[in-house]
Amino acid sequence: MTAPDWTRPHWTRDEARAMLLYFVFGEFAAEPQLDLSAHGSAGLPQGIEILRIPKDRLAHWDGHPLRGALGEILREGNPAAFDSARRASECLMLRGELPDADSLAYLGDTLGVVAALLDAGGVAVVDPQILAIFSAADWRARLGGDALSAPRCHVLITCHDDADGRAWIRTRGMRKFARPDVSIRGVPQARVQEAGAVAARLAELEARGMRFGDGSTVQIDGLPDGLRIRRAGSPDDPEFNNTHIELRWPES
């Protein structure tokens, strides 16, 4: 089995900060004994903390991820995992921000803690940045071996209706890497798969450290002028919860 790759060969420093947020539901000892070495983790990086929310507080917790619009998305996406989380006696929230780094070891260490918590009583994990909930078994299957460090496993790519019958491709989750999300608007229906592959490739390059400047161009087969990048948005943008790079498919 190939080891996870946390390198960022395209890295140059960005002023943005990486933001991590995970919720682990279950029943845990007062001081869980975590086998971090089994998951290749050196422990939580500086800037990431764990907060325990017991059952008597869960009912009145404003930040409860199983409620509201996010809760409905999670319920529809994985009903069994949602039900397990809902029945859990407590929740451990891992959260924090870190400076942009030349390695993704901070993500690997945090994910290792999440995996160790699943071994110590966790039954479900919520990753709100990609609008997903996983049972313990789902999480282990998704993030086994070198898949643990694959950016595609930590980013969501969605397709929505855009104007004039065209499609809008966008990502969520790039804030984990201190990079903007990707938005491609005006995509012809016949080229949705291609645009999705472009978004995935841009997300991969960004996760590995690349930065795209305002006005730079992405070359696409069949588009002589390529797609021009415009930096947009803010971390408060509800469609991304992040800044993003905006690309628009040409009309003809």
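The values are calculated or read from the model by the stated rules, or taken from the named source; none is laboratory data. If you're wondering where the values come from, they're calculated on a predicted model, not measured in any experiment. Note that we place each Cβ from the backbone using ideal geometry, even for glycine, and neighbour counts take in every protein chain shown.
Candidates 182, 155, 218, 198: the one that is in contact with a Gly (Cβ under 6 Å, 6 or more places away or on another chain), hydrophobic (A, V, I, L, M, F, W, C) and crowded, with 19+ Cβ neighbours inside 10 Å is 155. If the condition is being surrounded by fewer than 20 Cβ atoms within 10 Å (Cβ to Cβ), assigned to a helix (DSSP H, G or I) and in contact (Cβ under 8 Å) with a residue 60 or more places away in the chain, then region 87-107 contributes only 105.
Screening residue 137 on (1) closer than 27 Å to residue 103 by Cβ; (2) at pLDDT 95 or above; (3) surrounded by fewer than 16 Cβ atoms within 10 Å (Cβ to Cβ); (4) not hydroxyl-bearing (Ser, Thr, Tyr) shows it passes everything except condition (1).
So which residues in region 111-139 are closer than 23 Å to residue 158 by Cα, touching a helix residue (DSSP H, G or I) at 6+ places or on another chain (Cβ under 7 Å) and part of a helix (DSSP H, G or I), if there are any at all? If the condition is that a residue be closer than 23 Å to residue 158 by Cα, touching a helix residue (DSSP H, G or I) at 6+ places or on another chain (Cβ under 7 Å) and part of a helix (DSSP H, G or I), then 128, 129, 138, 139 are the ones that fit. Exactly one residue out of 45, 79 is outside the structural domain of residue 240 (by TED's automatic domain parsing), modelled with pLDDT of 95 or more and in contact with a Phe, Trp or Tyr (Cβ under 6 Å, 6 or more places away or on another chain): that is 45. From the set of residues in region 140-152 that are of a type in the set (A, V, I, L, M, F, W, C) and within 19 Å of residue 103 (Cβ to Cβ), which is surrounded by the fewest Cβ atoms within 10 Å (Cβ to Cβ)? Result: 147. Just the residues that are assigned to a helix (DSSP H, G or I) and touching a Lys or Arg at 6+ places or on another chain (Cβ under 7 Å), please, taken from region 140-161. Scanning region 140-161 gives a single hit, 153. Just one of the listed residues (186, 209) is at positive phi and outside any loop (DSSP other than H, G, I, E, B), namely 186.
Within region 27-52, the only residue that satisfies the criterion of being farther than 26 Å from residue 145 by Cβ, in contact with a Gly (Cβ under 8 Å, 6 or more places away or on another chain) and not in a loop (DSSP other than H, G, I, E, B) is 49.
Among the residues of region 20-46, those that are touching a helix residue (DSSP H, G or I) at 6+ places or on another chain (Cβ under 8 Å) and over 13 Å from residue 93 (Cβ atoms) comprise 32, 34, 35, 36, 38, 39, 40, 41, 42, 43, 45. For the subset of region 140-175 comprising residues that are of a type in the set (Asp, Glu) and out of contact with any Phe, Trp or Tyr (no Cβ under 8 Å at 6 or more places or on another chain), which member is modelled with the lowest pLDDT? That would be 146.
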